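To start, the structure under review is shown below, and the notes come after it.
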Ligand code: NAP
């Protein structure tokens, strides 16, 4: 298959490496020529250009730009593509993207690979990023079945675990397990940095070990991603943040009142509930 990728960063680059390995012909578009050169040199794509016209003969295009550039990329791309070409995106938010892009290209299938690292840009792309990880597809009623089948086949060939759901359900689910954690994790870092004792802060930084490393990983990642989550998944994120604040308030109240039994009960149920997210 002839596959185009717009946006050659972590996700676009990783897709290119796997898709080429699977024998597809992969063409990539980036805004800047240095990225194009690196993409070819790294074997991420067969050919690369700053011009979207490079993708004119593509059967399938993955749009892998930041969320705020997905609709404009599709609009510019639509001038060059054959009507039969399928476009899919990898944005971490689906409703806002589909509301805009659905009007621009009929053969559009919303998608979101649940895989990533803290790195970004062309050097961040790695082979095998999607293997074993969930990849959500969010077709709507108007999405052509044929297009969904093509995208599903390609995504399955990456060894990803494919899930289907409505865009709104996707957005609330990822608000809980991805977008809320980014905000909470960022708040952990800034709460620690608010320590005013000049002896304690450096000591805390020296003592920080695996627990703090794990819980601050997503908050210390690419700020642009967190910003996009908040801007484009605002309602779902706010709903999750308010629920989280209620949990924090209950914790504060319980500890203030030295309700150790209540605290033990809460921590015990958290220990059990975590297994519902990670059964093994
Ligand atoms: P990234 O590493 O920063 O790559 C995005 C690439 O898009 C950049 O390298 C940049 O390349 C290009 N780009 C930036 N602004 C652009 C614009 N205005 N117009 C056209 N191209 C632009 O980011 P990423 O992590 O791959 O994220 C890309 C998409 O994947 C986002 O929509 C994100 O929501 C989604 N996603 C990310 C993760 C994750 O964990 N990182 C996971 C799942 C999904 P040039 O500067 O060379 O043009």
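The values are calculated or read from the model by the stated rules, or taken from the named source; none is laboratory data. Bear in mind that the values here come from a model prediction, so they are computed numbers and not experimental data. Positions of Cβ are backbone-derived with ideal geometry, glycine not excepted, and every protein chain shown enters the neighbour counts.
Annotations for the structure displayed:
- Count of residues meeting criterion [loosely packed, with under 14 Cβ neighbours inside 10 Å and at pLDDT 95 or above] in the range 95-120: 1
- Of all residues in the range 136-158, those satisfying the criterion of being surrounded by fewer than 14 Cβ atoms within 10 Å (Cβ to Cβ) and assigned to a loop (DSSP other than H, G, I, E, B) are 141, 142.
- Criterion violated by residue 17 - all others in (1) assigned to a helix (DSSP H, G or I); (2) within 11 Å of the ligand (Cβ to nearest atom); (3) touching a residue at least 40 places away in the same chain (Cβ under 8 Å) satisfied: (2)
- Residues that are within 24 Å of residue 140 (Cβ to Cβ) number at least 1 in the following helices (runs of 4 or more DSSP H) confined to the range 168-234: 223-232.
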